[in-house]
Amino acid sequence: MNLLTNTVLLKENELKKVLKEIQNKKKIWNEENKVFIVKSMIKHIGSIDSELRDQLIYGSFYQLIIEKNLLEHALLIELLDLGLSDLLFKGIGGTETDTVFTRSFTSLLIALILYRDNEDNFLSQSMVYKIKDKLIDYISLENDLRGYIAVKGWAHSIAHVADAFDELVKNPKINQEFYLDILKTLWNKIFVSTSVYAHDEDERILIPIMEMLNRGLEQEEIETLIQNVPTKLKSQKEQIEAEKYWFLYFNCKTFLKSFYIKVQSNSNLIPLQNSLKECLSSISLYN
């Protein structure tokens, strides 16, 4: 099957009705309707209707992929190909446009497919490497950092792609040699000065970082990044306008505090605890 065919699919209001009926157990998923409905779901994955996008489309993908395992591996691969080649980068580079919903919820779908691969092992190693490369490209290019948007609901692009990275680093086909690239990519997204992260983005970014630590990422790699934070902040303070600097400072300090809370009870991470404590003291002194 080809998800990009010109088959007439359900309109948003029609899809909403069908998914609500399935959710309310008035209809069931069956082989006759499943693929057609999934095609309609992928078409409207970035709908600005928050109920349709978040609760019904994402909720249905979660049910189909995670809870009930009802989608064939071939269909999941096709969904993945479409996401990586088109949807994940739709409108990339823009800010405050509705295409962020397509990108953000595509990254959540990728996370679900990676979870299923972690259970069933159906993706090739080359495909997993491709996912890694595309996720790194995507998060590096994503400029729309809004969390919750009035009326339209959650965009949360950075939190959602962090979820995809978490499933990625759990995948046995991803070697530890890639951890440093992933770490630096996630780390760079904390140091933004265009807006303030106000919806727990720091907590979500920490999840894949902690997962990599648990799976063999060397503490020293993170300590080096932490030790460079004061110099980086000082340099930026001299180069950007005050308001942007304080956005940057807030995002950085909030992340470091959250990181410290995460590691403070783990006796195996004492060097990391000390680096975080010293860094927080240092950046507070000159600000």
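The values are calculated or read from the model by the stated rules, or taken from the named source; none is laboratory data. Quick caveat, the model's predicted, so the values are computed rather than measured. Every residue, glycine as well, gets a Cβ built from its backbone with ideal geometry; the counts of neighbours run over all protein chains shown. The protein model used for the area step is the full one, side chains on, heavy atoms only, and it has no ligands, DNA or RNA in it. Shrake-Rupley method; radii C 1.70, N 1.55, O 1.52, S 1.80 Å.
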Self-check item: All positions within the stretch 53-108 that are open to solvent by 50 Å² or more (accessible area, probe 1.4 Å) and touching an Asp or Glu at 6+ places or on another chain (Cβ under 6 Å)
Solution: Thr95
Quiz prompt | Enumeration of residues in the stretch 160-173 that are more than 23 Å from Ile149 (Cβ to Cβ), open to solvent by 10 Å² or more (accessible area, probe 1.4 Å) and not acidic (Asp, Glu) | solution = Lys170, Pro172, Lys173
Quiz prompt | Unmet criterion (only one of (1) free of Cβ contacts under 8 Å to residues at least 60 places away in the same chain; (2) surrounded by 20 or more Cβ atoms within 10 Å (Cβ to Cβ)) for Asn121 | solution = (2)
Quiz item: Is there any pair with a first residue in the stretch 172-183 that is on the phi < 0 side of the Ramachandran plot and a second that is open to solvent by 10 Å² or more (accessible area, probe 1.4 Å) and among the small types (Gly, Ala, Ser) whose Cβ atoms are under 6 Å apart and which are 6 or more apart or on different chains, and what are they?
Solution: Gln176/Gly216
Quiz prompt | Among the candidates Lys27, Lys20, Lys39, residue that is charged (D, E, K, R), part of a helix (DSSP H, G or I), without any contact (Cβ under 8 Å) to a residue 60 or more places away in the chain and surrounded by fewer than 18 Cβ atoms within 10 Å (Cβ to Cβ) | solution = Lys20
Quiz prompt | Residue pairs meeting the criteria (Cβ under 8 Å; at least 6 apart or on separate chains; first on the phi > 0 side of the Ramachandran plot, in the stretch 208-226; second part of a helix (DSSP H, G or I) and surrounded by fewer than 17 Cβ atoms within 10 Å (Cβ to Cβ)) | solution = Gly216/Gln176
Practice problem: Could you please let me know if Leu10 is touching a Ser or Thr at 6+ places or on another chain (Cβ under 9 Å), open to solvent by less than 80 Å² (accessible area, probe 1.4 Å) and of a type outside the set (Val, Ile, Thr)? | Solution: yes
Quiz item: Is there a residue in the stretch 263-281 that is open to solvent by less than 40 Å² (accessible area, probe 1.4 Å) and within 19 Å of the chain's Cα centre (by Cα)?
Solution: no
Quiz item: Among the residues of the stretch 194-240, how many are within 20 Å of Glu142 (Cβ to Cβ), part of a helix (DSSP H, G or I), of a type in the set (Val, Ile, Thr) and open to solvent by 30 Å² or more (accessible area, probe 1.4 Å)?
Solution: 1
